[in-house]
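The values are calculated or read from the model by the stated rules, or taken from the named source; none is laboratory data. None of the values given here were measured: they were computed from a predicted structure. Every residue, glycine as well, gets a Cβ built from its backbone with ideal geometry; the counts of neighbours run over all protein chains shown.
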Amino acid sequence: MALRSFIEIDRDSHFPLENLPFGVFKPREGAARIGVALGEYVVDLSALESAGLFKDLPPETAAATTRFKPRIQIPKSKSSPPLTDKWM
């Protein structure tokens with residue numbers, strides 16, 4: 001039996017309640033943020049955190065909902081060190 005949501009989700013959606021992928025999205029205004037695809041929508045985890053819905057989580061877990069470390073590694077050779085990670 002499929003899970004039910006107050007958000008209408010197309011039966012053929014790749015993102016039903018049983019498959020909630022985390023990812024990074026960038027709204028038209030503002031910085032890139034972490035979200036979860038739900039049907040045709042993205043749930044902005046930083047908005048949930050700002051609303052206090054993650055207040056019972058450990059601080060490092062709550063912080064992971066609002067910040068991410070982009071990493072690009074383009075090796076010049078097999079012995080090249082990886083690029084440095086920076087918080088956005």
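Does any residue of the stretch 38-61 turn out to be at pLDDT 80 or above and β-branched (Val, Ile, Thr)? There is at least one residue in the stretch 38-61 that is at pLDDT 80 or above and β-branched (Val, Ile, Thr). Just need a number here: residues in the stretch 55-65 that are within 21 Å of Pro21 (Cα to Cα), assigned to a helix (DSSP H, G or I) and of a type outside the set (Asp, Glu). Within the stretch 55-65, residues that are within 21 Å of Pro21 (Cα to Cα), assigned to a helix (DSSP H, G or I) and of a type outside the set (Asp, Glu) number 4. When only residues in the stretch 1-55 that are in contact (Cβ under 8 Å) with a residue 40 or more places away in the chain and of a type in the set (Gly, Ala, Ser) count, which is nearest to Thr65 (Cα to Cα)? Here the answer is Ala32.
Among the residues of the stretch 18-54, those that are charged (D, E, K, R) and in a loop (DSSP other than H, G, I, E, B) comprise Glu18, Lys26, Arg28, Glu29, Glu40.
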